[in-house]
Amino acid sequence: MTFQYVALDDAMKRGGLRMVVVGQVPSPWGEAAKGILHIKGIEWVAVRLTYDSEALKEWAGQRSGPVAIYENERPRDGWAEILRLAERLAPAPSLLPSEPAERALVFGIAHEICGEAGLGWSRRLQLVHAGLQNAGGFPEPVAKYLGRKYGYSPEAGAASGRRVAALLGMLAARLKAQRAAGSRYYVGDAVTAVDVYSATIAAMFGPLPPDQCAMQHATRAAFETRDAQTEAALDPILFEHRDMMYAAHLELPLSL
């Protein structure tokens, strides 16, 4: 493991890079941030998110994760902000192409995975909706909490499955086109941030096995909820890409 967990007081006294992460859950956004820092060889320490800590909320500016805090700079919580910070701290190896069109493509696909109304966001609403309909997904107390936090409505929940299926189809088609062109990556011939985001978002559809990802049974069961539409959209190439990324670029087992 290339990072360690420390107490909040310790983290606040340190310099360098600290990051608040959600504990006991393979949060795609947090695991992606960890993966980016691992690929770049950036030293950092982790603080597990505690929802009842006022000191943590004041330091990080919110009750969420991941939140990256470098030296005395402002906290950064957005996926793109954390990526740009990592690129600044360790320009090589870069996870953003130097060619402008490819760089724009990376940011565009990454937004469709990580951004508002993207795959992670829509999948979360899908699992909230399932939980509130007693059809798997998140347990009802978790579903209600996440629903309030992320703007759930019955209409948004009902529409989330179509959005999830469309985005899964887009990602699978991109990987197949790249494979036909001789590349195992989403953009160009080298690993980019999109590959990291795609690998970690796969946990929301099928977590890594327990020996690689020890997590709460209820959360694993929620993430494994897949209706017929989602099941049909989950092309095997998405999990093949995930497995390649963990074998070649990311750390196992996960440290949650």
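The values are calculated or read from the model by the stated rules, or taken from the named source; none is laboratory data. If you're wondering where the values come from, they're calculated on a predicted model, not measured in any experiment. Here the Cβ is made from the backbone with ideal geometry for all residues, glycine too, and neighbour counts use every protein chain on show. With ligands, DNA and RNA removed, areas are computed over all heavy atoms of the protein, side chains included. Shrake-Rupley method; radii C 1.70, N 1.55, O 1.52, S 1.80 Å.
The residues of the range 51-74 that are over 19 Å from the mean Cα position of the chain (by Cα), open to solvent by less than 60 Å² (accessible area, probe 1.4 Å) and either within 16 Å of THR2 (Cβ to Cβ) or hydroxyl-bearing (Ser, Thr, Tyr) (or both), listed by number, are SER53, TYR70. Counting only residues that are of a type in the set (D, E, K, R) and more than 16 Å from the chain's Cα centre (by Cα), the range 211-223 holds 1 of them. Of all residues in the range 48-69, those that are more than 20 Å from PRO26 (Cα to Cα) have Cβ atoms under 7 Å from Cβ atoms of residues that are outside any loop (DSSP other than H, G, I, E, B) and of a type in the set (D, E, K, R), 6 or more apart or on another chain, in ILE69/ARG18. When the range 1-46 is examined, which residues are found to be part of a strand (DSSP E or B), touching a Gly at 6+ places or on another chain (Cβ under 9 Å) and open to solvent by 20 Å² or more (accessible area, probe 1.4 Å)? Correct list: TYR5 only.
Does TYR246 satisfy the criteria of being open to solvent by less than 50 Å² (accessible area, probe 1.4 Å), assigned to a helix (DSSP H, G or I) and touching a Cys at 6+ places or on another chain (Cβ under 6 Å)? Considered against the rule, which asks whether it is open to solvent by less than 50 Å² (accessible area, probe 1.4 Å), assigned to a helix (DSSP H, G or I) and touching a Cys at 6+ places or on another chain (Cβ under 6 Å), TYR246 comes out as no. Considering (1) in a helix (DSSP H, G or I); (2) free of Cβ contacts under 8 Å to residues at least 12 places away in the same chain, the lone condition that GLY120 does not fulfil carries the number (2).
The residue pairs whose first member lies in the range 245-256 and is farther than 14 Å from ALA202 by Cβ, whose second member is among the charged types (D, E, K, R) and surrounded by fewer than 19 Cβ atoms within 10 Å (Cβ to Cβ), and whose beta carbons are closer than 8 Å, counting only pairs six or more residues apart or on different chains, are PRO253/ASP211. Sub-8 Å Cβ pairs linking a first residue in the range 99-112 that is assigned to a helix (DSSP H, G or I) to a second residue that is open to solvent by 40 Å² or more (accessible area, probe 1.4 Å), at least 6 apart or interchain, are ILE109/ARG174; ALA110/TRP79; GLU112/MET170, ordered by first then second residue.
Consider GLY78 carefully, then state whether it is under 23 Å from LEU175 (Cα atoms), modelled with pLDDT of 95 or more and out of contact with any Gly (no Cβ under 8 Å at 6 or more places or on another chain).
Values: under 23 Å from LEU175 (Cα atoms): no; modelled with pLDDT of 95 or more: yes; out of contact with any Gly (no Cβ under 8 Å at 6 or more places or on another chain): yes.
No; evaluated as a whole, the condition is false for this residue.
Counting the residues of the range 174-219 that are assigned to a loop (DSSP other than H, G, I, E, B), exposed (fewer than 13 other Cβ atoms within 10 Å of the Cβ) and among the charged types (D, E, K, R) gives 2.
Can you pull out every residue in the range 231-243 that is closer than 20 Å to CYS213 by Cβ, open to solvent by less than 40 Å² (accessible area, probe 1.4 Å) and of a type outside the set (Lys, Arg)? Break it down into steps so the answer makes sense when it comes.
Going residue by residue through the range 231-243, those that are closer than 20 Å to CYS213 by Cβ are 234, 236, 238-243.
Checking the rest, the ones that are also open to solvent by less than 40 Å² (accessible area, probe 1.4 Å) come to 234, 238, 241-242.
Those that are closer than 20 Å to CYS213 by Cβ, open to solvent by less than 40 Å² (accessible area, probe 1.4 Å) and of a type outside the set (Lys, Arg): LEU234, LEU238, HIS241.
Of the residues making up the range 53-66, none is under 18 Å from ALA193 (Cα atoms) and among the aromatic types (Phe, Trp, Tyr). In the range 220-243, the residue that is farthest from GLN126 (Cα to Cα) out of those that are outside any loop (DSSP other than H, G, I, E, B) and among the basic types (Lys, Arg) is ARG242.
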